[in-house]
Amino acid sequence: MSKVASDKRERTKPVMLDDLRTKTYTGVNRRPRRSAACMWKGGVHVARLTSTIMLAVCVLGAGCQPVPTPAAPSPTPVSPQPTSTSLATLAFSPSPLPSATSEPDLPASSSSLEQIQIDAPDLQWPLIASVYLPAAYAEEPDEQFPVLYLLHGLLYTNTQWIELGVPAAADDLFAAGESTPYIIVMPWEHNGTDFEAILIEHLIPSIDAQYRTQRDGAARAIGGLSRGGGWAIRIGLHFPEQFASIGLHSPANFTSAPYFDYWLRGVSPDNLPRISIDIGERDTLRESTEALAASLDLLGIPYTYSVAPGEHNAAYWSSHLREYLRWYGAPWTCTAGTALPTD
């Protein structure tokens, strides 16, 4: 077997900003003096002398004018001016109320987004996850739904996929009938934890217990971007019976690729999950992603691979969201009336 190129990891560190840094007050902040209007000439302040002369002229001139007789008050009352309240009422009059005979518009059914927290004695931190429920979840209370688990990248949280626009993209996809509606779970992976065990032993059982899910590996998929893609291929191939599909979006691969062969011993090629890999043509992880594809080739694991314009950033992933979600939902069909397993 040819040597696989070593994996690359993101090493980006958050930039710390100095909040105590302040601007230094300099002479530039001061107003310029009005030197042109305050000149001295022959020991006399010209501006002050001119002001004194003008004041004296005004006083003498006022003393020479006759004093006017005050006019008698007018008996006609003055009309009151409108108050600020009346002006506001005139300027911003409310819209007319709808007719009593008109029927109110019924609220349209919509998807929902929840956040759950799972606590267990063996968890170092509480497990937090965002859960997207399609509109059909409320419309069809007797229906069970497939589940997609989406994993975030390094230094991000369970909200990364939401900020990229997953809820809106899923709404559009399901409303257009391009995919069977399904639940999307976006967990928060804390660095330094055994996320593989957390997802298999805690997250999946909790989701199946709290929501109307199809509790079958054929109705479950896992995917991730960057570091989340590394987790997705690791978990998906370690537990191939748990997932129907594995999506790797600009994956930051772990060093576990040599263990794929060990994990997949005894697994029928017909039971392997679908695998899709995509990456931007200018992505810094493209070389390690191609090495991952080469290792899958050596093991005879089928997959699809695509390269598109873009880099390792949010602009690339958000522009492909609808493609991702359509691919995950492709193998799923409606299961109305299917009873939940009793496991």
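The values are calculated or read from the model by the stated rules, or taken from the named source; none is laboratory data. Keep in mind that what you see is a predicted model, and the values were worked out from it rather than measured. Because the Cβ atoms are built from the backbone with ideal geometry, glycine has one as well, and the counts that use them run over all protein chains shown.
Here are some notes:
- From the list 252, 257, the one residue that fits, being at pLDDT below 80, buried (at least 18 other Cβ atoms within 10 Å of the Cβ) and over 28 Å from residue 144 (Cα atoms), is 257.
Here is a yes/no grid of residues against (1) under 25 Å from residue 122 (Cα atoms); (2) touching a Ser or Thr at 6+ places or on another chain (Cβ under 6 Å); (3) modelled with pLDDT of 95 or more; (4) surrounded by 18 or more Cβ atoms within 10 Å (Cβ to Cβ):
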{"residue": "170", "(1), (2), (3), (4)": "no, no, yes, yes"}
{"residue": "174", "(1), (2), (3), (4)": "no, no, yes, yes"}
{"residue": "191", "(1), (2), (3), (4)": "yes, no, no, no"}
{"residue": "194", "(1), (2), (3), (4)": "yes, no, no, no"}
{"residue": "200", "(1), (2), (3), (4)": "yes, no, yes, no"}
{"residue": "203", "(1), (2), (3), (4)": "yes, no, yes, yes"}
{"residue": "221", "(1), (2), (3), (4)": "no, yes, yes, yes"}
{"residue": "230", "(1), (2), (3), (4)": "yes, no, no, yes"}
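- Here the range 148-163 is the region considered, the condition is being among the aliphatic types (A, V, I, L, M) and crowded, with 23+ Cβ neighbours inside 10 Å, and the residue that is nearest to residue 210 (Cα to Cα) is 148.
- Pairs, first without any contact (Cβ under 8 Å) to a residue 24 or more places away in the chain in the range 268-292, second exposed (fewer than 13 other Cβ atoms within 10 Å of the Cβ) and part of a strand (DSSP E or B), C-beta under 9 Å, six or more apart: none
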